[in-house]
Amino acid sequence: MALVEKTDDQGNTILFKSYKGRTFNKDTPGNVGDHLDTVASLHCRPDDVLLCTFPKSGTHWVFNIARMIQTKTLQYIGTPVMIENEDVGILDKMKSPRLFHTHLTYPFIPKVAKEGNLKLIYVLRNPKDVVLSYYTFTSHLQNTSYSGNFDGFLKAFLSEENTAFGGSWFTHTREWTSGMRANPDLKILTLNFEDLKKEEV
């Protein structure tokens with residue numbers, strides 16, 4: 001699937017993959033539609049947990065907290081495995097208990113989660129802090145999806161043409177909120193980044 005490249009009048013450039021009118025990270029493997037089908041059909045084990053966040057919403061922090069609880073150790077684990085970026089064969093070889101991660105919007109999460117057979121942790125963070133953290137993060141990366149100044153990044157963040165995983169922060173939040181309200185089968189723990197910061201202090 002070809003990359004879409006958009007450049008604004010200030011020379012800011014954004015790269016993404018497009019599927020059914022939605023934007024996906026340029027590093028999504030292969031054909032986005034095929035890969036989303038693979039994610040949707042993911043098999044799970046009884047003790048699996050899926051951490052769900054928009055980028056820069058406390059992913060690594062909550063992942064390590066949850067992993068320490070899951071393994072009953074205080075060992076720092078590091079970076080979580082993202083289901084939208086990995087081959088299913090690699091996921092199948094992971095030892096239990098498994099803790100996965102996704103930035104995908106609600107419609108694209110595994111079917112087993114929607115059926116109540118996969119535990120979920122959803123973390124929400126203030127969009128003003130997200131966009132600043134996201135820009136700082138991408139500006140230090142090489143071969144990133146975005147190249148340019150903060151003004152251009154903010155415009156992309158506020159639109160659907162951003163370095164997203166199925167939608168902007170607003171779409172991501174709206175679809176997760178709607179999904180939680182409409183689906184009583186979800187086994188989900190919802191956390192606010194700001195509440196965690198208060199507890200940390």
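The values are calculated or read from the model by the stated rules, or taken from the named source; none is laboratory data. Because the structure is predicted, anything quoted here is derived from the model rather than measured. FYI the Cβ positions are ideal-geometry reconstructions off the backbone, even for glycines, and counts take in every protein chain you see. The protein model used for the area step is the full one, side chains on, heavy atoms only, and it has no ligands, DNA or RNA in it. Shrake-Rupley method; radii C 1.70, N 1.55, O 1.52, S 1.80 Å.
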(message) Could you check region 87-120 and list, in sequence order, the residues that are in contact with a Ser or Thr (Cβ under 8 Å, 6 or more places away or on another chain) and on the phi > 0 side of the Ramachandran plot?
(response) none
(request) Go through (1) farther than 13 Å from Ser57 by Cβ; (2) at pLDDT 95 or above one by one and return the number of the condition Leu191 breaks. (result) (1)
(request) With respect to Asp87, determine if the residue is without any contact (Cβ under 8 Å) to a residue 40 or more places away in the chain and closer than 27 Å to Asn162 by Cα. (result) no
(message) Take the residues in region 48-75 that are in a loop (DSSP other than H, G, I, E, B) and without any contact (Cβ under 8 Å) to a residue 60 or more places away in the chain; name whichever of them is least open to solvent (accessible area, probe 1.4 Å).
(response) Thr73
(request) Filter region 15-47 down to the residues that are hydroxyl-bearing (Ser, Thr, Tyr) and in contact (Cβ under 8 Å) with a residue 40 or more places away in the chain, then identify the one that is surrounded by the most Cβ atoms within 10 Å (Cβ to Cβ). (result) Thr23
(message) So in region 90-131, with the set limited to residues that are open to solvent by 80 Å² or more (accessible area, probe 1.4 Å) and under 17 Å from the mean Cα position of the chain (by Cα), which one is nearest to Asn64 (Cα to Cα)?
(response) Lys119
(message) Criterion first (of a type in the set (S, T, N, Q) and within 22 Å of Leu186 (Cα to Cα)) does Thr59 satisfy it?
(response) yes
(message) For a quick check of your reading of the model, give me the residue pairs whose first member lies in region 152-168 and is under 15 Å from Tyr135 (Cα atoms), whose second is outside any loop (DSSP other than H, G, I, E, B) and of a type in the set (Gly, Ala, Ser), with beta-carbon atoms closer than 6 Å and at least 6 apart or on different chains.
(response) Asn162/Ala156
(request) Would you be able to say whether some residue in region 158-180 is modelled with pLDDT under 95, touching a helix residue (DSSP H, G or I) at 6+ places or on another chain (Cβ under 7 Å), more than 20 Å from Pro110 (Cα to Cα) and in a helix (DSSP H, G or I)? (result) no
(message) For the condition of a type in the set (Val, Ile, Thr) and either modelled with pLDDT of 90 or more or in contact with a strand residue (DSSP E or B) (Cβ under 7 Å, 6 or more places away or on another chain) (or both), what is the one hit in Thr105, Thr71, Thr79?
(response) Thr105
(request) Return yes when Leu141 is touching a Gly at 6+ places or on another chain (Cβ under 8 Å) and under 16 Å from Asn25 (Cβ atoms) and no when it is not. (result) no
(request) Could you tell me which numbered condition Gly148 fails, if it satisfies all but one of (1) touching a Ser or Thr at 6+ places or on another chain (Cβ under 9 Å); (2) open to solvent by less than 70 Å² (accessible area, probe 1.4 Å); (3) modelled with pLDDT of 95 or more? (result) (3)
